[in-house]
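The values are calculated or read from the model by the stated rules, or taken from the named source; none is laboratory data. All values derive from a computational prediction rather than experimental measurement. When we count neighbours, we look across all protein chains shown, and the Cβ atoms used for this are built from the backbone with ideal geometry, even at glycine. Accessible surface is based on the protein model in full, side chains and every heavy atom, while ligands, DNA and RNA are left aside. Shrake-Rupley method; radii C 1.70, N 1.55, O 1.52, S 1.80 Å.
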Amino acid sequence: GFSEDNIIAIYGGVDLNVINAVPTPSNILYDAVFMARFHEQKGPMVAVKAWEELIKAFPKAQLAMIGNGSEEREVASYIKKKGLDSNIRLFGFVDGQEKYKILKSSRIFIHSAIYETGGMAVAEGMACGLPVVSFAQEGFKYCYPQGLLGVLPIGNHHKLAASIGDLLVDSKKYAILKKEALELVAREWDWDKRASFVLKKMNEI
């Protein structure tokens with residue numbers, strides 16, 4: 001019974017003041033980082049299997065994984081069984097400055113969600129200057145129209161691994177996506193701007 005004129009969609013935001021206060025480390029420790037709930041929806045096993053594929057071409061490549069959840073034990077067991085301990089580090093749940101230190105110590109943000117509409121973790125990765133490699137979710141055309149390398153078909157870890165590998169060696173494409181990611185977050189995902197937008201709309205009612 002509500003008029004469309006009285007409805008607005010509010011996306012989330014990232015606190016750039018907090019993120020920018022975390023210094024960028026002098027050394028990059030991880031070639032990529034995964035940060036999400038360890039749940040089938042977010043595809044942590046897909047990320048692990050993609051990394052297993054990637055290290056065939058990049059034997060020393062390092063992946064940081066932040067998060068916990070129902071697939072945490074399965075992921076840890078698979079890593080141990082396949083001997084991936086030297087290439088994948090599990091951090092569990094991490095928040096605050098420590099989380100942003102890990103993100104800023106990485107080169108690429110992996111978002112291997114199987115089904116997704118938005119995903120705030122992507123915005124946090126972009127805010128830390130990370131290009132994103134993700135499956136090409138339909139909603140990302142609107143939420144993340146730049147700074148993100150979309151992969152199809154969704155769920156294919158071989159294609160995901162290939163795209164990550166391409167970005168690791170293509171410095172020109174990497175620089176473009178990094179610039180796009182930082183610009184997008186500053187323009188659309190800064191929490192101060194989100195709050196101002198909401199307040200403006202409320203005042204118009």
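For the range 119-129, the criterion of being without any contact (Cβ under 8 Å) to a residue 60 or more places away in the chain, out of contact with any Gly (no Cβ under 7 Å at 6 or more places or on another chain) and surrounded by fewer than 23 Cβ atoms within 10 Å (Cβ to Cβ) is satisfied by no residue at all. Among the residues of the range 176-205, just one is closer than 18 Å to N6 by Cα and either touching a Leu at 6+ places or on another chain (Cβ under 7 Å) or outside any helix (DSSP H, G or I) (or both), namely I205.
For the range 35-47, filtered to residues that are under 14 Å from the mean Cα position of the chain (by Cα) and among the charged types (D, E, K, R), the residue that is least open to solvent (accessible area, probe 1.4 Å) is K42. Only residues in the range 9-36 that are among the aromatic types (F, W, Y) count as the first member; pair them with residues that are in a loop (DSSP other than H, G, I, E, B), Cβ under 9 angstrom, at least 6 apart or cross-chain, and list the lot. Qualifying pairs under 9 Å: Y11/G118; Y30/A61; Y30/Q62; Y30/S105; F34/G43; F34/G67; F34/S112.
Does the range 59-69 contain any residue that is modelled with pLDDT of 95 or more, loosely packed, with under 12 Cβ neighbours inside 10 Å, over 27 Å from T117 (Cβ atoms) and among the polar types (S, T, N, Q)?
Checking the range 59-69: not a single residue is modelled with pLDDT of 95 or more, loosely packed, with under 12 Cβ neighbours inside 10 Å, over 27 Å from T117 (Cβ atoms) and among the polar types (S, T, N, Q).
From the list A9, A50, A32, the lone residue that is open to solvent by 20 Å² or more (accessible area, probe 1.4 Å) and either farther than 23 Å from E188 by Cβ or not aromatic (F, W, Y) (or both) is A9. For the range 132-145, a residue qualifies if it is open to solvent by 40 Å² or more (accessible area, probe 1.4 Å) and touching a helix residue (DSSP H, G or I) at 6+ places or on another chain (Cβ under 8 Å), and exactly one does: P145. For the range 94-102, indicate whether the set of residues that are in contact with a strand residue (DSSP E or B) (Cβ under 6 Å, 6 or more places away or on another chain), assigned to a loop (DSSP other than H, G, I, E, B) and open to solvent by less than 70 Å² (accessible area, probe 1.4 Å) is non-empty. Checked against the condition, which is being in contact with a strand residue (DSSP E or B) (Cβ under 6 Å, 6 or more places away or on another chain), assigned to a loop (DSSP other than H, G, I, E, B) and open to solvent by less than 70 Å² (accessible area, probe 1.4 Å), the range 94-102 yields at least one hit. Scanning the range 136-179 for residues that are touching a Pro at 6+ places or on another chain (Cβ under 8 Å) and within 17 Å of G119 (Cβ to Cβ) yields G147, L148, L149, L177.
Of all residues in the range 34-56, those being in a helix (DSSP H, G or I) and among the aliphatic types (A, V, I, L, M) number 6.
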